[in-house]
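Only one structure is covered here, and it is reproduced in the block below.
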Amino acid sequence: MSSSSAPAYGRFIPREELQEFASWQPGAFGAGGASAGAGDGPRTVKDQQALLHAARQAGYQDGYRDGLVALESFKRSLVQQNVAQFGALLTSFDAQLDALEQQMARTVARVATEIARQVVRDELQANPQRVARVAQEAINAVLMNARHIVVQLNPDDQALVEQGAADAIGARGARVISDASIERGGCRVISDVGTVDARISARWTQASSTVGNELPWTQDDEGQPT
């Protein structure tokens, strides 16, 4: 029998016996295929560490940049907040200072008025004859056409006025009468055309009101105006 007629030998190779295999694709052979296979090889531990280090560096840089942005935003917000609080504090301080200055001014004015009141009292006690001049000025302040002029005085001042203001009393035909309700040092002149109130309490009230501190002339034991 000739060799050409011998049966062909064939054997099925199990998958387990294959070491490496790959499906054949057109164009798998040649330089291009070899290059692609070489580029897709597995990465070494050193390559993986390098990639991990690069990723860490990129993450660190991104985090550092974001942190700087957040810090700058916080600084601006803090500055704005501090400016607003400081402005409110200044406004409150100015208001408190103004109120304190006003209170101090009122206190100073009251103390000055109290001192002036005491000085006037001391002067009236030291020079009681001044009431004559007060009465003379009050009589002269009455209109020239006034009639029935009456000068009311404290009983202790009557003799002083009759002596010290005798000319004015005689010229106007005034009549002097005593009135215990009128405090020493002042008088009240009544006529048919009006009244001139020259009492110490009335004159003092008018003078103290001009300085914005209406301190009464007399006070009782509890410090209340009488």
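If you check 135, 159, 112, 168 for being at pLDDT 90 or above, among the small types (Gly, Ala, Ser) and within 22 Å of residue 208 (Cα to Cα), only one passes: 135.
Within region 132-146, the set of residues being under 18 Å from residue 201 (Cβ atoms) and either of a type in the set (S, T, N, Q) or touching a Cys at 6+ places or on another chain (Cβ under 7 Å) (or both) comprises 134, 135, 138.
From the list 172, 147, exactly one residue is among the charged types (D, E, K, R), more than 41 Å from the chain's Cα centre (by Cα) and surrounded by 14 or more Cβ atoms within 10 Å (Cβ to Cβ). Which is it? Step through it out loud before you land on a result.
Values: 147 fails: surrounded by 14 or more Cβ atoms within 10 Å (Cβ to Cβ).
Result of the check over 172, 147: 172.
Quick check on this structure: which one of 214, 162 is under 17 Å from residue 128 (Cα atoms), charged (D, E, K, R) and surrounded by fewer than 19 Cβ atoms within 10 Å (Cβ to Cβ)? Working first, answer last.
Details: 214 fails: under 17 Å from residue 128 (Cα atoms).
Testing whether each residue is under 17 Å from residue 128 (Cα atoms), charged (D, E, K, R) and surrounded by fewer than 19 Cβ atoms within 10 Å (Cβ to Cβ) leaves just 162.
The values are calculated or read from the model by the stated rules, or taken from the named source; none is laboratory data. It should be emphasised that the depicted structure is a prediction, and the values quoted were computed from it without experimental measurement. With ideal geometry, Cβ positions are generated from the backbone for all residues, glycine too; neighbour counts draw on all protein chains shown.
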